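The values are calculated or read from the model by the stated rules, or taken from the named source; none is laboratory data. All figures in this text were calculated on a predicted structure; none of them were measured in a lab. Glycine also receives a Cβ, built like all others from the backbone with ideal geometry; neighbour counts cover every protein chain displayed. Surface areas here come from the heavy atoms of the whole protein model, side chains and all, with no ligands, DNA or RNA. Shrake-Rupley method; radii C 1.70, N 1.55, O 1.52, S 1.80 Å.
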Amino acid sequence: MDECLGPFDLGSTQWYVLWHLVNNGPSVQRDLARALELERATLSGIIATLVRKDLVAQTANGGDHLSHGR
């Protein structure tokens, strides 16, 4: 999987987060961490990277709301 994602500068966990957002809609970061069974600190780093790559949008509406794309 990493070989396929490499040209897109994505790791498998980043892809999994994107997949979840695309298929389940916007999410609150704490709920996303629970759904994906990731530590909140781990997910925070992944989200920061995806925001920097302009692949997700993050809004601070009392719960770190996430959605894919812009």
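The table for this structure:
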item: Scope the stretch 47-61; condition in a helix (DSSP H, G or I) and open to solvent by 20 Å² or more (accessible area, probe 1.4 Å); matching residues; result: Ala48, Thr49, Val51, Arg52
item: Criterion violated by His68 - all others in (1) modelled with pLDDT of 95 or more; (2) closer than 22 Å to Cys4 by Cα satisfied; result: (1)
item: Any hit, the stretch 22-36, residues being within 21 Å of Asp2 (Cα to Cα), loosely packed, with under 15 Cβ neighbours inside 10 Å and touching a strand residue (DSSP E or B) at 6+ places or on another chain (Cβ under 9 Å); result: yes
